[in-house]
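See structure below.
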Amino acid sequence: MSYKVQGDFTPVYELAISLKLYIDKKMIKNADLGIDWYKRVSTVLDEEFKEYIVGFNEEACCFSYLFLLIWLSPNKENVNEFLIWLKKLTPGEMYEKLSPIVDEALPNDLGKLRDVYVSLLSKWQNQYFTDIDPLIVETLQKNAQSITKAKITDSIEFVEKVSGGIRIPSFESLEKIILIPSYHQSPFITYHRHQSIFLVFYSVDLPNDDSFAPSKALLRLAKAVSDENRLKILKKLTEGPKNFSSLLTGLEVSKSTVHHHIMALRSAGLISVLVSEDCGHDEYILRSAGVDELAGYLKKYLSL
């Protein structure tokens, strides 16, 4: 029996995603918003907050737990209401909510983790997020609504199509996939894996009214196939699923370069991650629909 698919969105997700992007310097370099966004945001943050944020990284913040709490919260439709709910949440209540879902042992001091969440999110909301373009939230809300309204006949195919790069087979323990649109982390596709659910964050571009400008999707696809080694990786994947070591074989480039190529191909929607039931054994597969999309986007742009 296949898993259920559910679309979800609230501005609180994007609040957390945008903060995560600012904290993760490696992610910023390859995100569409890029280092220029980081520099612009840095000019509006006060020095005290910037100093406070320096010591944090994704691991220290445990964003995976934060995303679960957002999903589970009955007060998540409004950022301020969510923060009030989160601040009142006791360590015992956090444990009761998270422990049935996560695989690993939870941190000993959940109260301290809650206080970190509240402090970071409150300051980020006041100093950055409250002034973002309203079109961002509006676009993401519409996208999530389209997921909710969709008639899903094949959960596996649907998740791969919407995410544009993650194929999740039906595992015995897997019950639900939550699809969450994001603008700030574009073009990245990320997922957080737990006992019976996956939270999948997929990228969404803002609408572009300039008919003369190519879409970001077309630019990503064109860039992805403009490199010889990336084409070789695609050719290898026509043989079937491959792990990273298999893709590295025969390419006279470094591991880091191959990682970069794979990331570009994934961001363009040309390859998917084939998630393994055994964590850590994921493989890559060719996403043939992405090849069709390249032709489709190009024909649409050229009005052919």
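Only bridges whose two residues both fall in the stretch 145-201 count here: according to DSSP, what percent of them are antiparallel, nearest 5?
So the antiparallel bridges amount to about 45 percent of the total.
Given contacts defined as C-alpha pairs under 8 Å and at least six residues apart, what's the relative contact order of the chain, whole-number percent?
Relative contact order, the chain: 20 percent.
Principal axes first, then extents: for the Cα atoms of the stretch 67-120, list largest minus smallest coordinate on each axis, whole Å, largest first.
Result for the stretch 67-120: principal-axis Cα extents of 30, 19, 16 Å.
How large is the Kirkwood hydrodynamic radius of the stretch 110-256, counting all unique pairs of alpha carbons, in Å?
So the Kirkwood estimate lands at 18.8 Å.
Treating only the Cβ atoms of Lys and Arg (+1) and Asp and Glu (-1) as charged, compute the dipole magnitude of the stretch 63-151 about its Cα centre; round to the nearest 20 debye. Provide the component values of the computation, followed by the final result.
Working: 10 positive and 11 negative charges, 41 e Å.
I would put it at about 200 debye.
Longer than 26 Å from Cα to Cα, which of Lys26/Lys216; Lys20/Lys216; Lys151/Lys176; Lys39/Lys216 are they? Say none if no pair is.
Details: Lys26/Lys216 21 Å; Lys20/Lys216 22 Å; Lys151/Lys176 16 Å; Lys39/Lys216 22 Å.
Over 26 Å apart, Cα to Cα: no pair at all.
For helix 134-149, what angle does its Cα long axis make with the longest principal axis of the chain, in degrees from 0 to 90 and rounded to 10?
70 degrees
How do Ile197, Ile35 stack up against each other in accessible area, from largest to smallest, with a 1.4 angstrom probe?
Result, largest first: Ile35, Ile197.
Divide by every residue of the chain the summed helix terms, -39500 (n - 2.57) for each DSSP H run of at least 4, and state the resulting mean residue ellipticity at 222 nm, rounded to the nearest 500 deg cm²/dmol.
That calculation yields -16000 deg cm²/dmol at 222 nm.
Tell me the accessible surface of Ser99 in square angstrom (1.4 angstrom probe, heavy atoms of protein chains only), to the nearest ten.
40 Å²
Counting only protein heavy atoms and a 1.4 Å probe, tell me what percentage of the chain's accessible area is made up of carbon and sulfur.
Details: 8040 of 15720 Å².
Carbon and sulfur: 51 percent of the exposed surface of the chain.
Using θ = phi - 60° and the Karplus relation 6.51 cos²θ - 1.76 cosθ + 1.60, list the HN-Hα couplings for the stretch 199-208 in order, rounded to whole Hz, with x at every Gly or Pro.
So the J values, rounded to whole Hz, are 9, 10, 9, 10, 8, 10, 8, 6, x, 10.
How many percent of DSSP beta bridges within the chain run antiparallel, rounded to 5?
40 percent
Find the relative contact order for the stretch 236-304 and round it to a whole percent, using C-alpha pairs within less than 8 Å whose residues are 6+ positions apart.
Details: 60 pairs, mean separation 23.0, N = 69.
Relative contact order of the stretch 236-304: 33 percent.
If you take the beta carbon distance between Lys26 and Lys223 as r and set R0 to 25 Å, what does 1/(1 + (r/R0)^6) give as a FRET efficiency, to the nearest 0.05?
Once the sixth-power term is evaluated, E becomes 0.80.
Give the Rg/Rh ratio for the stretch 192-304, taking Rg as the radius of gyration of the Cα atoms and Rh as the Kirkwood radius, to two decimals.
On the way: Rg = 15.7 Å, Rh = 15.5 Å.
Here Rg/Rh amounts to 1.01.
How much accessible area does Ser163 have with a 1.4 Å probe, in Å² rounded to the nearest 10?
10 Å²
For the chain, take every pair of Cα atoms, bin their distances at 10 Å starting from 0, and report each bin as a whole percent.
5, 25, 34, 26, 9, 1, 0
Heavy-atom accessible area of Ser146 with all protein chains present, probe 1.4 Å, nearest 10 Å²?
60 Å²
When DSSP beta bridges are limited to those with both residues in the stretch 63-206, what percentage is antiparallel, rounded to the nearest 5?
If we restrict to bridges inside the stretch 63-206, about 35 percent are antiparallel.
Report relative contact order for the stretch 85-196 in percent, whole number only (criteria: Cα-Cα under 8 Å, sequence separation at least 6). Kindly include the intermediate steps, with their values, before the conclusion.
Values: 56 pairs, mean separation 30.4, N = 112.
Answer for the stretch 85-196 is 27 percent.
Computed FRET efficiency, Cβ-Cβ of Glu81 and Glu252, R0 51 Å: what is it to the nearest 0.05? List each step's numbers first, then the result.
Details: r = 55 Å, r/R0 = 1.08.
So the FRET efficiency works out to roughly 0.40.
By how many nm would the segment from Glu47 to Lys88 grow when fully extended, if each residue of separation counts as 0.36 nm and the alpha-carbon distance is taken off?
Fully extending the segment from Glu47 to Lys88 adds 12.0 nm.
Limiting things to C-alpha atoms, what are the Rg and the maximum Cα-Cα separation (Dmax) for the stretch 41-177, in angstroms?
Calculated on Cα positions, Rg and Dmax stand at 17.6, 51 Å.
In square angstrom, what is the accessible area per residue of the chain with a 1.4 angstrom probe?
52 Å²
The values are calculated or read from the model by the stated rules, or taken from the named source; none is laboratory data. What you are looking at is a predicted structure, and each value in this text was computed from that prediction instead of being measured. Every residue, glycine among them, receives a Cβ derived from its backbone with ideal geometry; neighbour counts consider all protein chains shown. Remember, those area values only see protein heavy atoms, side chains included, never the ligands or the DNA or RNA. Shrake-Rupley method; radii C 1.70, N 1.55, O 1.52, S 1.80 Å.
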